[in-house]
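Encoded as structure tokens, the structure appears first; notes follow it.
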């Protein structure tokens, strides 16, 4: 999980939704702003209620996203503020539970990692 210093707060998220640029992949969208102040990159995950109704499912997707994103944090430029927004079918692809098998959970992480890599290559 990312520390709070590296995650976008409410104020950052409001700014991102107002002055946004975005990059999309099949199941993820990265909305971002390049700040004038060259601080550490600040990135968060957002899971809309239209994707998953229950908070436990939204938290599951967020935690999995942060776990994968930690490895790629150094690839973002200084002053970068962004949010990853999960798409409609995300819970079916990335949100399956662990009790379905250990290999299944690793496959989900690989798929999410692949989606993030696609977005970073476009960035």
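The values are calculated or read from the model by the stated rules, or taken from the named source; none is laboratory data. These numbers were taken from a predicted model, which means no experiment stands behind them. Cβ placement follows ideal geometry from the backbone for every residue including glycine, while neighbour counts extend to all protein chains displayed.
Could you check the range 1-30 and list, in sequence order, the residues that are in contact with a helix residue (DSSP H, G or I) (Cβ under 9 Å, 6 or more places away or on another chain) and more than 16 Å from residue 62 (Cβ to Cβ)?
23, 24, 25, 26
Please determine, by comparing only the residues of the range 38-67 that are touching a residue at least 40 places away in the same chain (Cβ under 8 Å), under 19 Å from residue 110 (Cα atoms) and out of contact with any strand residue (DSSP E or B) (no Cβ under 7 Å at 6 or more places or on another chain), which one is surrounded by the most Cβ atoms within 10 Å (Cβ to Cβ).
Result: 64.
I'd like to check which helices (runs of 4 or more DSSP H) are fully inside the range 1-103 and have at least 2 residues that are farther than 21 Å from residue 119 by Cβ.
Output list reads 10-18, 55-69.
Scan the range 68-88 for residues that are crowded, with 16+ Cβ neighbours inside 10 Å and either touching a strand residue (DSSP E or B) at 6+ places or on another chain (Cβ under 6 Å) or closer than 17 Å to residue 123 by Cβ (or both) and report the count.
Number satisfying all stated conditions: 9.
When you check residue 112 against the structure, is it surrounded by 14 or more Cβ atoms within 10 Å (Cβ to Cβ), at pLDDT below 80 and either in contact with a helix residue (DSSP H, G or I) (Cβ under 7 Å, 6 or more places away or on another chain) or part of a loop (DSSP other than H, G, I, E, B) (or both), yes or no?
Spelling it out, it is not the case that residue 112 is surrounded by 14 or more Cβ atoms within 10 Å (Cβ to Cβ), at pLDDT below 80 and either in contact with a helix residue (DSSP H, G or I) (Cβ under 7 Å, 6 or more places away or on another chain) or part of a loop (DSSP other than H, G, I, E, B) (or both).
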